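All remarks here apply to the structure that follows.
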Amino acid sequence: MEIRSITTKVPEYSEAFIFGSVFSSPNPKDLDLLVIYDEHACPPQQAYANHNELCQLLCNAFNLPVHIIPLTRSEARHSRFIEYSKAVPLAMALRELTTGSTRPASPAREPDRYALNRERITK
């Protein structure tokens with residue numbers, strides 16, 4: 001499976017983001033995956049199991065353990081985790097990680113290219 005096609009394995013009731021040292025370290029120890037899901041479509045007790053295939057594909061693609069943080073839409077809205085962790089939408093993250101492009105050192109100085117995703121989640 002091509003790495004970029006991994007995005008097709010995100011369940012339709014979820015959004016996936018990558019964050020953490022995978023963007024800043026030449027030798028990251030893991031890949032941090034944030035999954036924001038609709039608790040009406042996926043009961044919280046099923047969140048890990050329902051995203052397991054996605055985790056396995058990412059683990060195999062990058063040869064790194066995947067650390068998943070599942071949050072309901074409400075939890076994501078109230079915690080502002082995307083903003084604080086500078087999480088990148090999965091499709092964009094996969095492009096960055098596979099093409100070698102880097103994220104800007106100071107996100108505050110550039111337009112917020114992730115605002116649309118944050119706005120959709122917080123509504």
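Here are the numbers for this structure:
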read-out: Selection within segment 12-50 - under 22 Å from residue 98 (Cα atoms) and of a type outside the set (A, V, I, L, M, F, W, C); value: 15, 20, 21, 24, 25, 26, 27, 28, 29, 30, 32
read-out: Near pairs, Cβ below 8 angstrom, 6+ apart or cross-chain, from segment 65-86 (buried (at least 17 other Cβ atoms within 10 Å of the Cβ)) to any residue that is among the basic types (Lys, Arg) and part of a helix (DSSP H, G or I); value: 82/118
read-out: Which numbered condition residue 53 fails, given (1) touching a helix residue (DSSP H, G or I) at 6+ places or on another chain (Cβ under 6 Å); (2) under 18 Å from residue 91 (Cβ atoms); (3) surrounded by 19 or more Cβ atoms within 10 Å (Cβ to Cβ); value: (3)
read-out: Residue count, segment 1-42 (criterion: under 11 Å from the mean Cα position of the chain (by Cα), assigned to a strand (DSSP E or B) and either hydroxyl-bearing (Ser, Thr, Tyr) or surrounded by fewer than 17 Cβ atoms within 10 Å (Cβ to Cβ) (or both)); value: 1
read-out: Pair list, Cβ under 7 Å, 6 or more apart: segment 43-60 residue in a helix (DSSP H, G or I), other residue charged (D, E, K, R); value: 53/9; 54/9; 57/9
read-out: Qualifying positions in segment 56-85 - on the phi < 0 side of the Ramachandran plot and among the polar types (S, T, N, Q); value: 56, 60, 72, 74, 79, 85
read-out: Candidates 41, 108 - the one that is out of contact with any helix residue (DSSP H, G or I) (no Cβ under 8 Å at 6 or more places or on another chain) and modelled with pLDDT of 95 or more; value: 41
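The values are calculated or read from the model by the stated rules, or taken from the named source; none is laboratory data. Since the model is a prediction, treat every value here as computed from it, not as a measurement. Virtual Cβ from ideal backbone geometry, glycine too; neighbours counted across all protein chains shown.
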